[in-house]
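Q: Before we start, here is the structure in question, set down as structure tokens.
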Amino acid sequence: MTTTIDGAADTDGTDTIGTSAADIEFHYDLGNDFYALWLDETLSYSAAVWDGIDRAEPDTAALPRAQRAKLDLHLDLAGAAPGARLLDVGCGWGGLLDRAVRTGRAAEATGLTLSRAQHAHVRSLGLPGVDVRLESWDAHRSGRPYDGIVSVGAFEHFATADMDAAARLAAYRAYFDRCHGWLRPGARMSLQTIAYDGVTGGDGPVGAFVAAEVFPGAVLPRLGEIVLASDPYFAVTVVRASAEDYARTLGAWSARLLRARTEAERLVGPDGYYRYRRYLRACEVTFLRGAATLYRIGFRRRDEPLRPAG
Ligand SMILES: C[S@@+](CC[C@H](N)C(=O)[O-])C[C@H]1O[C@@H](n2cnc3c(N)ncnc32)[C@H](O)[C@@H]1O
């Protein structure tokens with residue numbers, strides 16, 4: 001069943017106004033063992049932070065360090081501190097939840113995912129203070145306020161390609177409205193997302209291949225849409241753009257997948273392996289060409305929401 005933007009039609013926690021749970025499972029439930037072959041040990045499935053990592057060291061070896069730097073950057077942007085209560089919207093395989101509680105930068109961390117395989121994996125870790133839910137952000141309720149929110153690589157799923165500009169803005173605005181409601185006054189939030197940066201978006205051959213065979217039901221935002229949608233609820237404190245960070249991460253993933261070819265083909269078959277090799281290379285080229293970029297955005301919650309400008 002489909003959920004309306006005001007959430008009125010919720011029947012279970014996985015109904016969503018963005019990418020459907022079925023489309024999420026198509027991609028993320030291909031097999032935890034397969035993803036573990038080529039992601040780093042934190043199982044981060046989003047662009048790493050490569051600042052200060054010398055090209056002399058192979059990126060495949062430096063990837064875990066670059067991913068930990070990314071996790072720490074987001075914990076900083078969300079104001080994580082001892083005793084904090086954090087929410088991770090789109091928590092993947094739990095790398096940020098793990099880092100937050102293990103380093104003492106949160107006492108409690110809640111993660112949301114629509115992938116059954118990810119949910120089962122995070123639960124199996126048995127992390128103290130971590131609560132992982134198979135639940136969409138638009139179904140999430142919390143009895144107590146959070147001190148910070150992080151969302152990394154999930155915003156691309158918060159609207160769908162068949163929405164027009166007004167419907168996308170309404171979906172994004174509904175997300176920021178919810179975040180505002182979940183956070184305590186003065187709290188901070190961080191967001192990492194891929195965004196279109198070219199004149200056209202998503203209608204070339206790479207976009208068509210990715211939409212049909214890799215990420216059905218997802219759509220990339222533009223920076224202007226994010227700012228317009230968030231402005232009533234949050235002041236933007238930081239914007240960092242780095243297409244290079246994603247190109248480098250994709251290059252490292254490609255190289256790791258190539259090295260693990262035999263095992264990957266055993267797990268997902270030669271067609272599955274080839275599809276992922278094509279997808280990783282095609283996306284790397286998209287970032288290198290400047291057709292898409294990566295944003296990391298820091299926000300501070302406004303005490304009183306402003307009247308929407310658009
Ligand atoms: C590319 S993965 C990123 C995972 C993780 N943040 C990371 O950086 O490794 C996208 C995540 O967003 C989640 N997601 C997508 N739509 C969602 C929704 N409506 N509510 C909650 N999570 C969602 C997926 O289940 C998946 O865990």
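Every read-out reported here was derived from the displayed coordinates using simple, explicitly stated rules and does not represent laboratory data. Computed from a prediction, not measured in an experiment: that's the story for all the values here. All Cβ positions, even for glycine, are placed from backbone atoms using ideal geometry, and neighbour counts span all protein chains on display.
Q: Does at least one position in region 139-150 carry a residue that is aromatic (Phe, Trp, Tyr) and either part of a helix (DSSP H, G or I) or in contact with a Lys or Arg (Cβ under 8 Å, 6 or more places away or on another chain) (or both)?
A: Checked against the condition, which is being aromatic (Phe, Trp, Tyr) and either part of a helix (DSSP H, G or I) or in contact with a Lys or Arg (Cβ under 8 Å, 6 or more places away or on another chain) (or both), region 139-150 yields at least one hit.
Q: Can you pull out every residue in region 143-169 that is among the hydrophobic types (A, V, I, L, M, F, W, C) and either within 11 Å of the ligand (Cβ to nearest atom) or in contact with a Leu (Cβ under 7 Å, 6 or more places away or on another chain) (or both)?
A: ILE149, VAL150, VAL152, ALA154, PHE155, PHE158, ALA159, LEU169
Q: Could you please tell me which pairs satisfy a Cβ distance under 7 Å, a separation of 6+ or placement on different chains, a first residue in region 16-38 that is without any contact (Cβ under 8 Å) to a residue 40 or more places away in the chain and surrounded by fewer than 18 Cβ atoms within 10 Å (Cβ to Cβ), and a second residue that is of a type in the set (A, V, I, L, M) and outside any helix (DSSP H, G or I)?
A: ALA36/LEU43
Q: Of the numbered conditions (1) touching a strand residue (DSSP E or B) at 6+ places or on another chain (Cβ under 8 Å); (2) near the ligand (Cβ under 9 Å from one of its atoms), TYR45 fails exactly one; give the number of that condition.
A: With (1) touching a strand residue (DSSP E or B) at 6+ places or on another chain (Cβ under 8 Å); (2) near the ligand (Cβ under 9 Å from one of its atoms) applied to TYR45, the lone miss is (1).
Q: Further question: Can you tell me which residues in region 72-120 are within 18 Å of ALA36 (Cα to Cα) and part of a helix (DSSP H, G or I)?
A: Once the filter is applied, which keeps residues that are within 18 Å of ALA36 (Cα to Cα) and part of a helix (DSSP H, G or I), region 72-120 yields GLY95, LEU96, LEU97, ASP98, ARG99, ARG116, ALA117, GLN118, HIS119, ALA120.
Q: Can you list the helices (runs of 4 or more DSSP H) lying wholly within region 182-292 that have 2 or more residues being touching a Leu at 6+ places or on another chain (Cβ under 7 Å) and either touching a residue at least 12 places away in the same chain (Cβ under 8 Å) or surrounded by 18 or more Cβ atoms within 10 Å (Cβ to Cβ) (or both)?
A: Because the criterion is at least 2 residues that are touching a Leu at 6+ places or on another chain (Cβ under 7 Å) and either touching a residue at least 12 places away in the same chain (Cβ under 8 Å) or surrounded by 18 or more Cβ atoms within 10 Å (Cβ to Cβ) (or both), the helices (runs of 4 or more DSSP H) in region 182-292 that meet it are 223-230, 243-259, 261-289.
Q: For region 25-40: of the residues being assigned to a loop (DSSP other than H, G, I, E, B) and touching a Leu at 6+ places or on another chain (Cβ under 9 Å), which is nearest to the ligand (Cβ to nearest atom)?
A: LEU39
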